[in-house]
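S.K.: Below you will find the structure I want to go over with you.
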Amino acid sequence: MMWFVLGRDMHTLCVLSTDTIDGLSIDDSGENDGQSISITSGCAIGNYDFTISARYKDSRYIQEGNFISFVDKYGKYRLYTIMTVEGGDTWNVHCEDIGIDLINEMANKWDYTGNPKSIADTIQPMLNDSG
């Protein structure tokens with residue numbers, strides 16, 4: 001299976017795998033095959049945890065704020081934000097579903113009375129910095 005590490009601008013930085021011999025490989029054989037769901041503040045959050053060697057040249061792309069994209073064991077496309085990277089020679093990486101960007105955000109009040117807007121224009125002020 002292949003994973004793609006994407007930068008903050010969504011460009012592919014490197015490719016990971018669970019079965020590569022020469023490349024950057026990951027180990028997501030923990031509980032729930034790396035994927036789990038937790039409830040935080042009444043919201044369901046998708047988590048993805050794995051370990052990786054810090055010694056491989058492409059490990060520099062495994063950094064907080066970048067993204068991991070892959071097709072999971074259910075055939076669904078997933079996109080997670082790398083939240084934490086901890087460790088020495090081996091890194092423990094914790095990622096959260098990209099939907100986290102929309103949780104607990106505050107929207108400014110708006111009034112379009114007498115100046116109707118399309119749905120896209122109405123929602124844009126709330127979503128403009130959500131990624």
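The values are calculated or read from the model by the stated rules, or taken from the named source; none is laboratory data. What you are looking at is a predicted structure, and each value in this text was computed from that prediction instead of being measured. Reconstructed Cβ throughout: ideal geometry from the backbone, glycine too, with neighbour counts over all protein chains shown. For accessibility, only protein heavy atoms count, side chains too; no ligands or nucleic acids. Shrake-Rupley method; radii C 1.70, N 1.55, O 1.52, S 1.80 Å.
S.K.: Restricted to region 1-28, and to residues that are open to solvent by 90 Å² or more (accessible area, probe 1.4 Å) and modelled with pLDDT of 70 or more, which residue is nearest to G75 (Cα to Cα)?
M.R.: H11
S.K.: Something else now. Could you please find all residues in region 71-81 being within 15 Å of L16 (Cβ to Cβ) and open to solvent by 50 Å² or more (accessible area, probe 1.4 Å)?
M.R.: Scanning region 71-81 gives V71, R78.
S.K.: State all residues of region 85-94 that are outside any loop (DSSP other than H, G, I, E, B) and either among the aromatic types (F, W, Y) or free of Cβ contacts under 8 Å to residues at least 40 places away in the same chain (or both); if no residue qualifies, say none. Even if it seems obvious, please write down each step before you answer.
M.R.: First, pick out the residues of region 85-94 that are outside any loop (DSSP other than H, G, I, E, B): 85-87, 90-94.
Within region 85-94, V85, E86, G87, T90, W91 meet the criteria.
Here's the yes/no breakdown for (1) open to solvent by 90 Å² or more (accessible area, probe 1.4 Å); (2) modelled with pLDDT of 80 or more; (3) assigned to a loop (DSSP other than H, G, I, E, B):
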site: Y48; (1), (2), (3): no, yes, no
site: R55; (1), (2), (3): yes, yes, yes
site: M83; (1), (2), (3): no, yes, no
site: A107; (1), (2), (3): no, no, yes
site: A120; (1), (2), (3): no, yes, no
site: Q124; (1), (2), (3): yes, no, no
